[in-house]
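Here the structure is laid out as C-alpha cells; the discussion comes afterwards.
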Amino acid sequence: MTAHLPTSFLLGVRLLARRPGRAVLASAGTAATTLMVTALLTWHAELDVRPDFSRFGPIDVRADQTGQVLLAVTLVLVALSVLNTVLLGWSTAVQARHTLAVARTLGATPGQVTAALCVAQLLPAVPGVAAGVPAGLVLYWLFGTQVMPPGAWLLAAALAVLLTVGALTALSARAHTRVPVGRALSAERA
C-alpha cells in the first residue's frame, strides 16, 4: 500500500510521527491565527449588514475602535504565527538533517525533501484551520452578534493560512536542502 504513496508524503509523515509535540504546537498556533482572522472577517460581515442609520454617532466610533483593536490583535498573532512557522520548519529541518540526508543518498531529490518538510508542517496545520474557523465564529458570537461571514471569505482565509504555512516552510526547507549530503552526514558524526 505505501509503495503507491509519494516519497515526500512518506518522509513528511515520518518526520511528523517522530515529533508529535511539535505537531500539536504547530496546530495550536495555526488554530489561534485562524480564530482571529475568522473573528475579523465576522466583524466585517457585521458591519456590512448593519443598517445605515446605526453607522453614525457614538456607536460608529465604538465600532471603529473595536475594529482597530481586533485588527491589531490579529496582525500581532499573524506575525507570531509567521515566526513560529519559520522556526518550526527550520528546527524540523535541522533535527531531521541525518534522516533527510540518508533519504537524499537513497535517491530523494531536494524537491522531495522540501515537499516532505512542507507535509510535516501542513498536516498539523489542516486540523488547526479546521478548528480555528468554528472557534473564531463561536468566540465572536459570544461577545458580538450572530452574523455569518460569506463562506467564500472563510474558505479564502483558510486557504491563505495553509498556503502561507506551506510557502514559509518551503523557503526555510529549501535553504536547508542546499547543504551537500556529505557535509550533513559528517556534521552528524561530529
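The values are calculated or read from the model by the stated rules, or taken from the named source; none is laboratory data. Bear in mind the structure is a predicted one, so any value in this text is a computation, not a measurement. Counting neighbours? That spans all protein chains shown, and the Cβs are built from the backbone with ideal geometry, glycine included. Accessible surface areas use protein heavy atoms only, side chains included; no ligands, DNA or RNA. Shrake-Rupley method; radii C 1.70, N 1.55, O 1.52, S 1.80 Å.
Data overview
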| quantity | calculated |
| --- | --- |
| Nearest-10 value in Å² for the accessible area of VAL94, using the 1.4 Å probe | 50 Å² |
| Under the Karplus curve 6.51 cos²θ - 1.76 cosθ + 1.60, θ = phi - 60°, whole-Hz ³J(HN,Hα) for the stretch 137-147, x wherever Gly or Pro sits | 5, 5, 4, 5, 5, 5, 10, x, 9, 8, 10 |
| Heavy-atom SASA rank of ARG178, ARG18 (probe 1.4 Å, accessible area, largest first) | ARG178, ARG18 |
| Heavy atoms of TRP90 accessible to a 1.4 Å probe, total area in Å² rounded to 10 | 110 Å² |
| Cα→Cβ-extended label distance, 7 Å offset, between ALA72 and TRP153, nm | 2.2 nm |
| All-pairs alpha carbon distance profile, the stretch 66-158, 5 Å steps from 0, percent | 3, 10, 14, 19, 15, 11, 9, 7, 6, 3, 2, 0 |
